[in-house]
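The values are calculated or read from the model by the stated rules, or taken from the named source; none is laboratory data. Just so we're clear, the structure is a prediction, and the values are computed from it rather than from any experiment. Heads up, the Cβs are rebuilt from the backbone with ideal geometry, glycines too, and the neighbour counts pull from every protein chain shown.
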Amino acid sequence: MDFFRPESKAARVLRTSLLVLAPAVAIVLIYGETLLDLADRWSDDPNYSHGWAVPFVSLAFAWRGFKSHGSLIRKRIPTTCVLQGVVCLVLGLALHAWSWLAAWLFMDVVSLVILLRGALWLLGGRRGIRAYAPAVTLLIFMAPLPFGTQLWIANHLQHSVSVIAETSLAVLDVPVIREGYFLHFRNHTLEIAEACSGLRQISAFLATGFVIGALLNRGRAFLTFMLVCSIPIAVLANCLRVIVTGLIIHLGSAEWAQGFFHHLEGMGIVLVGFILQGLLASVILRKPPQLRFSTVMPEQP
């Protein structure tokens with residue numbers, strides 16, 4: 001029958017569908033418990049609420065790769081690509097088993113990314129990696145940090161934000177006394193809680209920094225630069241939020257720095273951070289030679 005002939009379009013569609021759906025179903029079966037744990041963490045921990053958006057953005061990147069490079073499936077895959085794919089698959093599965101035994105959710109997501117990269121090597125070779133690797137790598141940003149690491153980072157951020165806010169408000173001639181993570185004003189005491197430490201902004205800004213770097217497609221150096229700069233931008237944005245809150249408390253009423261207005265103020269500061277990322281990218285791209293290193297792969301057209 002013509003349907004089963006190798007040159008038949010229906011046969012090609014069926015073969016491609018099976019090659020894509022079979023690994024997808026296998027991954028869902030293997031990582032089903034991990035995906036459920038991630039959903040619970042995104043719902044319970046505001047620091048990682050952006051995790052809900054990461055898979056959808058990843059799918060958008062995958063669609064972008066398909067539009068620019070075509071189907072993932074390649075008929076002939078070089079031996080070196082097959083070997084790299086097998087290594088990634090074995091490493092990913094081993095890391096998944098270890099992460100499951102250790103109940104280490106972050107490392108389990110890392111194992112998923114490694115496993116998916118192995119599938120890219122086996123199905124699409126170098127072209128598959130070039131087209132779809134950004135979509136796979138982006139998934140790392142949906143992983144929550146281990147609790148101990150998160151607490152350590154949050155504590156250091158709380159201290160840094162408290163000191164910077166106190167110094168800045170003093171320069172602005174605002175009477176304030178810092179006691180640990182508390183800023184005492186004449187009519188109110190502002191606590192720099194863990195939720196206000198800036199960890200949430202860092203997680204979100206790292207993801208957006210990767211998205212900007214991957215979308216502009218200016219090489220690994222530029223992508224790394226955007227990721228590194230996302231951290232101080234996030235800290236700066238959070239410091240601005242605390243400083244603005246302090247000014248509102250000093251000049252107005254503490255009621256304007258709480259509840260709905262506090263959340264609205266936070267959204268505005270986050271928007272400022274995103275704008276800073278966009279401006280930084282536009283400024284840096286005016287001088288691309290400064291971002292090129294001899295060890296970096298050449299830019300893709």
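Overview of results
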read-out	value
Pairs, first at pLDDT 85 or above in region 14-32, second surrounded by 14 or more Cβ atoms within 10 Å (Cβ to Cβ) and assigned to a helix (DSSP H, G or I), C-beta under 6 Å, six or more apart	TYR31/LEU112
Flag if GLY51 is in contact with a Phe, Trp or Tyr (Cβ under 6 Å, 6 or more places away or on another chain), of a type outside the set (D, E, K, R) and under 23 Å from PHE141 (Cβ atoms)	yes
Pair list, Cβ < 6 Å and 6+ apart or interchain, from region 246-268 residues that are of a type in the set (A, V, I, L, M) to residues that are modelled with pLDDT of 70 or more	ILE249/PHE185; ILE249/HIS188; ALA254/HIS188; ALA257/THR245; ALA257/ILE248; ALA257/ILE249
Selected residue (only one of LEU93, LEU59 is out of contact with any His (no Cβ under 7 Å at 6 or more places or on another chain), within 20 Å of LEU138 (Cα to Cα) and surrounded by fewer than 14 Cβ atoms within 10 Å (Cβ to Cβ))	LEU59
Residue match in region 121-134 (condition: modelled with pLDDT of 90 or more and either within 25 Å of ILE233 (Cα to Cα) or exposed (fewer than 14 other Cβ atoms within 10 Å of the Cβ) (or both))	yes
Selection count, region 77-86, where residues are under 16 Å from ARG130 (Cα atoms) and surrounded by fewer than 16 Cβ atoms within 10 Å (Cβ to Cβ)	3
Only listed residue being outside the structural domain of SER71 (by TED's automatic domain parsing) and buried (at least 21 other Cβ atoms within 10 Å of the Cβ), chosen from LEU172, LEU151, LEU157	LEU157
Sole exception among (1) in contact with a Pro (Cβ under 8 Å, 6 or more places away or on another chain); (2) closer than 23 Å to PHE205 by Cβ for ARG126, by number	(2)
Matching residues, region 143-185, being touching a residue at least 60 places away in the same chain (Cβ under 8 Å) and farther than 12 Å from ASN238 by Cβ	ALA143, PRO144, GLN150, SER168, LEU169, LEU172, VAL174, PRO175, VAL176, LEU183, PHE185
Enumeration of residues in region 81-110 that are in a helix (DSSP H, G or I) and of a type outside the set (A, V, I, L, M)	CYS81, GLN84, GLY85, CYS88, GLY92, HIS96, TRP98, SER99, TRP100, PHE106, ASP108
Qualifying residue in region 49-71 (condition: at pLDDT below 85 and at positive phi)	yes
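For every residue, the table says whether it meets (1) in contact (Cβ under 8 Å) with a residue 24 or more places away in the chain; (2) among the aromatic types (Phe, Trp, Tyr).
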residue	(1), (2)
ASP44	no, no
TRP52	no, yes
PRO55	yes, no
ALA62	yes, no
GLY65	yes, no
SER68	yes, no
SER71	yes, no
LEU83	no, no
VAL87	yes, no
